[in-house]
């Protein structure tokens, strides 16, 4: 029986990712991990590749994880948990395990969009019963804030520094959520810790679906975003309200928007609190702000059309 989705009930559950880790104050990643593990009604085995979460949550004999947890190399977290899930199925078939156990991977965008993409794509294609969660902070934060393919257009990073020659990153970010949906897996979703009920519902839905699942969750990094240490949730909310980070899911090929802002805010409200975008507000870079807004408006319009068409088709099938 699933525990009701009430904050009071969730607060009574044991934390399976505890305090005492060494993540930066205000980091979005541990908030996401804590929420995801609170959402699960099942025993969970997790894996994380090298990155901020890994290096800060398990130091020598000290760990914040109160579940079985595996540290993998940067490039192969998906393969690691896929192998663990395969071993579990073999032991279950032999009658050596009778518990229903869920397998999950937590990785940043560097280990997901880029270095670990081959491993992730392969695990999804093979059909392993696992949930892969990317905590997306938009750069290689652990090694010095270098740009990744998740870094948004215009952002200032150490490998795409904004200056007199280059005004930050000149390429659009990769839309990994859509790429994973193109793998034709049972469930793909985009979520935000600012909308905790939506996030937890998606995690619970994913755990009830057999086969490979992928969730992309926005995770502010105040070091790399050059924002305040107490505004992670506020920035996540602005990301959703500006439609920079729309909340939706793709279940068995059908796209559904799970939250629509009552009033879509201009993207500048999300960009202004972040130092990585301050150069965009210079007169000579006005064209970049215009382009960012136009791209977001276009993508949001396409997503809404896709959602309406696919939901209508599903209704007609019934």
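Every residue in the stretch 169-180 that is touching a helix residue (DSSP H, G or I) at 6+ places or on another chain (Cβ under 9 Å) and buried (at least 23 other Cβ atoms within 10 Å of the Cβ), please.
180 - this is the single residue of the stretch 169-180 that is touching a helix residue (DSSP H, G or I) at 6+ places or on another chain (Cβ under 9 Å) and buried (at least 23 other Cβ atoms within 10 Å of the Cβ).
In this structure, is residue 292 modelled with pLDDT of 95 or more, crowded, with 20+ Cβ neighbours inside 10 Å and over 26 Å from residue 133 (Cβ atoms)?
Working: modelled with pLDDT of 95 or more: yes; crowded, with 20+ Cβ neighbours inside 10 Å: yes; over 26 Å from residue 133 (Cβ atoms): yes.
Here the answer is yes, as residue 292 does meet what is asked.
Yes or no: residue 234 out of contact with any helix residue (DSSP H, G or I) (no Cβ under 6 Å at 6 or more places or on another chain) and over 22 Å from residue 46 (Cα atoms)? If you could, list the steps in order and put the result at the bottom.
Values: out of contact with any helix residue (DSSP H, G or I) (no Cβ under 6 Å at 6 or more places or on another chain): yes; over 22 Å from residue 46 (Cα atoms): yes.
In short, yes.
Does residue 287 qualify as being without any contact (Cβ under 8 Å) to a residue 24 or more places away in the chain and either part of a helix (DSSP H, G or I) or farther than 22 Å from residue 53 by Cα (or both)? Walk me through it before giving the result.
Numbers: without any contact (Cβ under 8 Å) to a residue 24 or more places away in the chain: yes; either part of a helix (DSSP H, G or I) or farther than 22 Å from residue 53 by Cα (or both): yes.
Yes.
Consider the stretch 2-53. How many of its residues are on the phi < 0 side of the Ramachandran plot, surrounded by fewer than 18 Cβ atoms within 10 Å (Cβ to Cβ), in a loop (DSSP other than H, G, I, E, B) and touching a residue at least 40 places away in the same chain (Cβ under 8 Å)?
Total satisfying the criteria: 11.
Which one of these does residue 121 not meet: (1) modelled with pLDDT of 95 or more; (2) part of a loop (DSSP other than H, G, I, E, B)?
(2)
Which residues, counting only those in the stretch 173-223, are in contact with a strand residue (DSSP E or B) (Cβ under 9 Å, 6 or more places away or on another chain), in a helix (DSSP H, G or I) and under 18 Å from residue 244 (Cα atoms)?
Scanning the stretch 173-223 gives 176, 177, 178, 198, 199.
Tally the residues that are assigned to a loop (DSSP other than H, G, I, E, B), over 23 Å from residue 172 (Cα atoms) and touching a helix residue (DSSP H, G or I) at 6+ places or on another chain (Cβ under 8 Å), restricting the search to the stretch 237-258. Steps first, please.
Applying the first criterion (assigned to a loop (DSSP other than H, G, I, E, B)) to the stretch 237-258 yields 242-246, 252-253.
Narrowing further to those that are over 23 Å from residue 172 (Cα atoms): 252-253.
So of that shortlist, the ones also touching a helix residue (DSSP H, G or I) at 6+ places or on another chain (Cβ under 8 Å) come out as 253.
Of the residues in that region, 1 qualify.
Run residue 157 past the list (1) touching a residue at least 60 places away in the same chain (Cβ under 8 Å); (2) buried (at least 22 other Cβ atoms within 10 Å of the Cβ); (3) over 16 Å from the mean Cα position of the chain (by Cα) and report the number of the one that doesn't hold.
For residue 157, the failing item is (2).
How many residues does the stretch 309-318 hold that are closer than 18 Å to residue 258 by Cα and either surrounded by fewer than 13 Cβ atoms within 10 Å (Cβ to Cβ) or modelled with pLDDT of 95 or more (or both)? Give the steps one after another, and end with the answer.
Keep residues of the stretch 309-318 that are closer than 18 Å to residue 258 by Cα, which gives 309-315.
Add one more test, that the residue is either surrounded by fewer than 13 Cβ atoms within 10 Å (Cβ to Cβ) or modelled with pLDDT of 95 or more (or both), and what stays is 309, 312-313, 315.
Number satisfying all stated conditions: 4.
Of the residues in the stretch 121-138, how many are more than 30 Å from residue 158 (Cβ to Cβ) and within 14 Å of the chain's Cα centre (by Cα)?
The initial filter retains those residues of the stretch 121-138 that are more than 30 Å from residue 158 (Cβ to Cβ), namely 122-131.
Imposing the further condition that a residue be within 14 Å of the chain's Cα centre (by Cα) reduces the set to 131.
Total meeting the criteria: 1.
So how many residues does the stretch 74-120 have that are exposed (fewer than 15 other Cβ atoms within 10 Å of the Cβ) and under 19 Å from the mean Cα position of the chain (by Cα)?
Residues that pass the stated criteria total 1.
Which members of the stretch 134-144 meet the condition of being surrounded by fewer than 24 Cβ atoms within 10 Å (Cβ to Cβ) and in contact (Cβ under 8 Å) with a residue 40 or more places away in the chain? If you could, list the steps in order and put the result at the bottom.
Initially, the stretch 134-144 is screened for residues surrounded by fewer than 24 Cβ atoms within 10 Å (Cβ to Cβ), giving 142-144.
Passing the criteria: only 142.
Pick from 96, 92: which is in a loop (DSSP other than H, G, I, E, B), more than 22 Å from residue 120 (Cβ to Cβ) and at pLDDT 95 or above?
Working: 92 fails: in a loop (DSSP other than H, G, I, E, B).
Answer to the selection: 96.
Take the residues in the stretch 54-69 that are touching a helix residue (DSSP H, G or I) at 6+ places or on another chain (Cβ under 7 Å) and crowded, with 17+ Cβ neighbours inside 10 Å, then tell me which one is nearest to residue 212 (Cα to Cα).
65
Within the bounds of the stretch 61-68, is there any residue that is within 30 Å of residue 7 (Cα to Cα), free of Cβ contacts under 8 Å to residues at least 40 places away in the same chain and assigned to a loop (DSSP other than H, G, I, E, B)? Even if it seems obvious, please write down each step before you answer.
Quick first cut of the stretch 61-68, residues within 30 Å of residue 7 (Cα to Cα) only: 62-68.
With free of Cβ contacts under 8 Å to residues at least 40 places away in the same chain added as a condition, the list becomes 63, 68.
When the remaining residues are screened for being assigned to a loop (DSSP other than H, G, I, E, B), the result is 68.
The answer is yes; a qualifying residue exists.
The values are calculated or read from the model by the stated rules, or taken from the named source; none is laboratory data. Here the structure is a predicted model, which means the values were calculated and not measured. Reconstructed Cβ throughout: ideal geometry from the backbone, glycine too, with neighbour counts over all protein chains shown.
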